[in-house]
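Structure first, then comments.
Read-outs: derived from the displayed coordinates by stated rules, not from any lab. From a predicted model like this one, the values you see are computed outputs, not experimental measurements. Cβ coordinates were reconstructed from backbone atoms using ideal geometry, including for glycine residues, and neighbour counts include every protein chain displayed.
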Amino acid sequence: MSKKVSEKDYERTLSFRIKQWMDGSRDLLLDNVEMKPQKPFTEDKITVIKRRKEKKQTFEKVYDLKNNPEVRIFRKVYRIFSVLFCLFLVTMLLTAVSNLPSFGNASNPVNNEVSERYIENGLQETGAVNLVTGMILDYRAFDTLGESHVLFIATCTVLILLRIDGDKKGRSGMGYSMENDRIYEPKNDIILQTVARILVPPIFIFGIYIILCGHLGPGGGFSGGAVIGAGLILYLNAFGFEKTERFFTQKTYRRTSFCALACYALAKSYSFYTGANHIESVIPLGTPGAILSSGLILILNICVGIVVAGTMYTFYVMFRKGAY
Amino acid sequence: MQFVQNFPFMTIILSLFSGPLSSILDGKKAKRVNLAVMSLITVMSCAVLVFVINSGSAYVYTMGHFPAPWGNEIRVGVLEAFMAVFFCVIMLLCVIGGVYEREQELEDTKQNLYYVMVNLLLSSLLALIYTNDLFTAYVFVEINTISACGLIMIRQNGRTLEAATRYMIMSLMGSGLLLLGICFLYDLTGHLLMSNIREQVQLLHQAGEYNIPLLVSLALISVGLAIKSALFPFHAWLPDAYGYSTLSSAAILSSLVSKGYIFLLVKIFFRVIGFGIVRDSKVVNVLFVFGVAGMIMGSVNAIRENNIRRMIAYSSVAQIGYIYMGFGLGTTAGVIASLYHVLSHAATKSLLFVAASGITDASGDHTEFLELTGAGYRNKLAGVAFTVGSLSMVGVPMFSGFISKLLFAQAGMESMHKMLPTLIALAISTILNAVYFMKTVIRIYTPVPAKVLQKKEYRCISMKEQPCKSTALVFFIILNMLLGLSSEPVIGLLRSGLAMFA
């Protein structure tokens, strides 16, 4: 049996206060706060009529259903057909998957001489304690070279789509400053700025650590670059574009990523060339476990990290403002 | 190892390198760098082709210090080297042909980004051609997809943005299916290297194990690449993407991007799975049916089109249908016919796009048919070039299209059950092709009274006025005639290259 407590006693208990705090009706610092319940979503008549009119217009003007019998038929058949097609696809894929070799079986075809050499000789041959890094940056470095260019070209495509240039063809003056949402920058939010001041340096250091120790433990250029990019975004949100543009502009991004990609391409060309022509590579592997070891992997990790960090930051800036 | 053998990898790295380099240069310098790099790559690829023909066998080039199943490698045979040379030449001509349009239509500050796209696209095409590893192929398919998107939407208006969105959705769907298929294959064989997968697949096939997953992975890969190269039911993204993007983008997309995927499919059929297994699996029959449907429906849509560039775009659907019909025949002769059609279509379609833009230039930038009346007299070279392209598409002797149609018909005669549908589809499609292409040719050579000419702001364009476009057109015409008149050595190359595949 539970102990019966009167209403007043209950209001004094800790659990009641925690419940209030969770509800949002009480703040720890400001004491009781009155919360307004959220209004249910209502639409006034004008917007409803407008919406209906727009929908009707779409059907009449855009699709022109009256005069386009094929569109009309398509719209009817489409739903049934798509459900049937999805069912077919699901059945096909499930059947195929259920016929695959069972997961985790030691005699599976995947456990062959390829993974055996990676695991047995990976440390000796690449000098990387982290075998995954050894695989992606030494054994299969060509794929990763392509992958870092994927990031670069994705950024270029976003630049094409979203960058607003105040150029000569009439896109200057008022229009430019209107589209440029510099005016909506956060105005000195103290909490955010304090948090950012404390958090951003450790985030950067942590990102650099992940990149530099990519061959020693879990991590590498891709993950470390993402961490640094996140730090840059936090800094930007707290202090605004004026501060970040002092050290990171679009020019910086393009130059750093060009240098990083060129460095990657040159370093790897050297190892491809020497490898294919059976020339002994002069790059020492070093002692596994030391920070300066595993040949080119450290440099490649740094290159990839720079590209990834720049990409993350550029994506954010482009989607938010369109220029920097 | 001779020094020439390093060239394939150097061409890939060189174009990968010049992509980021263009991003830090301004538009004009980027253009010069781009043209220089592409010419250099063409010369290097020619050297590789000569070397491979002389040595008479394909060679494998290890990318790094680790041999094949562990590291990456590329493989160079006659077919690969020839395709590389051909793609480089077409790319160079397309980029030269569209210089004027690019400078007009793109923002000044974004000119250099165009060359980033072009360079990385070229590198991805080269890597797709040379690679001997399925996962490397997938990585470069990604680059190919993204750069093609960029090429479409760099001319910024509503239509191209919509087209790029459609292209992106469809193309990513195709990439996803391709990746799924590769995953299945990896799970079944434990390899990503093409030659090793082939050995394992042959063993599995003989033992009769894992038939269903093998079939599913083959189907996923075929459908994925078919979506990416706009086979008939998946062509919805194509007309807008080709019709409204800037000239050289349209030419590059139609003649190279889709062909890269088709070449990858050939490679997967022959080098990964083995053509015998593909033939037995009935997947070819599906490709055959869709190919035939595409041949006819693409032409029907093209006839109904009123905009000359969209008409040419729909004609691409029909020509892609031809190529897949050739695969669908399930014989080596059919595949050779398809490969020849890849070449002939690449040479002809880019010619048609450039010529069509020359014609519309002479008609006050209108693309509707009525406005084009008599344009062949106002811009003589473009008129001639358009006529050559049309005749080639219809399949008149002396031009490249005739040879590919002849090869299709010959390949069709060899197969028992598919002879009749092939021949009938070829006949119907040829007539439909003739309907819309000859209609346009007659339209551009119908004289217009002088009064009307003065009233509308038409102008005559001489060869000297558009030097870049004229050069490109002349080279395209020569290429077309070469493919049409001396097809024997090319077919010989394709045949020996395909034999080297196995």
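Descriptive notes on the structure:
- The value of relative contact order for chain B, using C-alpha pairs under 8 Å at least six residues apart, is 15 percent.
- P(r) histogram, all alpha-carbon pairs of the range A:203-245 included - 10 Å bins from 0, percent: 34, 40, 21, 5
- Helix axis angle, B:400-414 relative to chain B longest principal axis, alpha carbon, degrees: 40
- GNM top mover of A:Leu100, A:Leu151, A:Leu285 - chain A, alpha-carbon springs below 10 Å: A:Leu100
- Label-point separation in nm, A:Arg17 to B:Asn285, each point 7 Å along Cα→Cβ: 7.8
- Projecting the Cα positions of A:Leu84, A:Thr287, B:Ser415 onto the charge dipole of the protein assembly as shown (unit charges on Cβ atoms of Lys, Arg, Asp and Glu, taken about the Cα centre) puts A:Leu84 furthest along the positive direction.
- Distance cut-off 37 Å, percentage of C-alpha pairs in chain A lying past it: 53
- The order of A:Val83, B:Val394, A:Val308, going from fewest to most other C-beta atoms within 10 Å of their C-beta, is A:Val83, B:Val394, A:Val308.
- Axis of helix B:78-97 versus longest Cα principal axis of chain B: the two differ by about 20°, to the nearest ten degrees.
- For A:Leu296, no residue has an amide H sitting under 5 Å from its own, ignoring neighbours fewer than 5 places away on the same chain, with H placed 1.01 Å from N.
- In the protein assembly as shown, the alpha-carbon atoms span a convex hull of 241 Å³ per residue.
- Karplus-derived 3J(HN,Hα), 6.51/-1.76/1.60, for each residue of the range B:6-17, Hz, glycine and proline x: 7, 4, x, 5, 5, 4, 4, 5, 4, 6, 5, 5
- Each principal axis of the Cα cloud of the range A:239-324 was taken in turn, and the coordinate range along them, longest first, works out to 51, 28, 18 Å.
- The 3J(HN,Hα) values that the Karplus relation (6.51, -1.76, 1.60; θ = phi - 60°) gives for the range B:257-274 are, in residue order, 4, 5, 6, x, 5, 5, 5, 4, 5, 4, 4, 5, 4, 8, 9, 9, 9, x Hz. Gly and Pro appear as x.
- Karplus 3J(HN,Hα) series, Hz, for the range B:151-157 with 6.51 cos²θ - 1.76 cosθ + 1.60 (x for Gly, Pro): 4, 5, 8, 5, 8, 8, 9
- This ranking places A:Glu125, B:Glu199, A:Glu70 by how few other beta-carbon atoms lie within 10 Å of each, fewest first, which gives A:Glu70, B:Glu199, A:Glu125.
- Average beta carbon contacts from partner chains per residue of B:11-20, 10 Å cutoff: 6
- Averaged over A:267-276, number of beta-carbon atoms from partner chains that fall within 10 Å: 6
- Average Cα contact separation per residue, chain A, under 8 Å, 6 or more apart, as relative contact order %: 20
- In degrees, nearest ten, helix A:190-212 long axis to first principal axis of chain A (Cα): 20
- Dipole check for chain B: with +1 at the C-beta of Lys and Arg, -1 at the C-beta of Asp and Glu, and the Cα centre as origin, the magnitude is about 1080 Debye.
- When each of B:His417, B:His345, B:His235 is scored by the number of other beta-carbon atoms lying within 10 Å, the sequence from fewest to most is B:His417, B:His235, B:His345.
- Near A:Lys19: Cβ cut-off under 15 Å, other residues only, Lys/Arg at +1 and Asp/Glu at -1. The net charge is -2.
- Of A:Lys321/B:Lys259; B:Lys259/B:Lys418; B:Lys439/B:Lys469; A:Lys53/A:Lys76; A:Lys61/B:Lys349, those spanning more than 28 Å from alpha-carbon to alpha-carbon: A:Lys321/B:Lys259; A:Lys61/B:Lys349
- Computed from the Cβ-Cβ distance with R0 of 35 Å, the FRET efficiency linking A:Arg255 to A:Thr95 stands at 0.10.
- Here's how it looks for B:Met63: its modeled amide H is under 5 Å from those of B:Asn72, B:Glu73, B:Ile74, which are all 5 or more places away or on a different chain.
- Placing unit charges on each Cβ (+1 for Lys and Arg, -1 for Asp and Glu) gives the range B:164-301 a dipole about its Cα centre, and among B:Leu185, B:Tyr242, B:Gly294 the Cα reaching farthest toward its positive end belongs to B:Tyr242.
- When the square roots of the Cα gyration tensor eigenvalues are ordered a ≥ b ≥ c, the ratio a/c for the range B:395-502 is 1.5 or more and a/b does not exceed b/c, which makes its shape oblate.
- The range B:85-200, relative contact order [Cα under 8 Å, separation at least 6], %: 24
- Calculated FRET efficiency for the pair A:Glu280/A:Asn188, C-beta based, R₀ 60 Å, to 0.05: 0.50
- Given charges at Cβ of Lys, Arg, Asp, Glu: the protein assembly as shown dipole, positive-most of B:Met398, B:Ala450, A:Asn237: B:Ala450
- Charged neighbours of A:Pro101, selected by a Cβ distance under 12 Å, balance to -2 (K, R count +1; D, E count -1).
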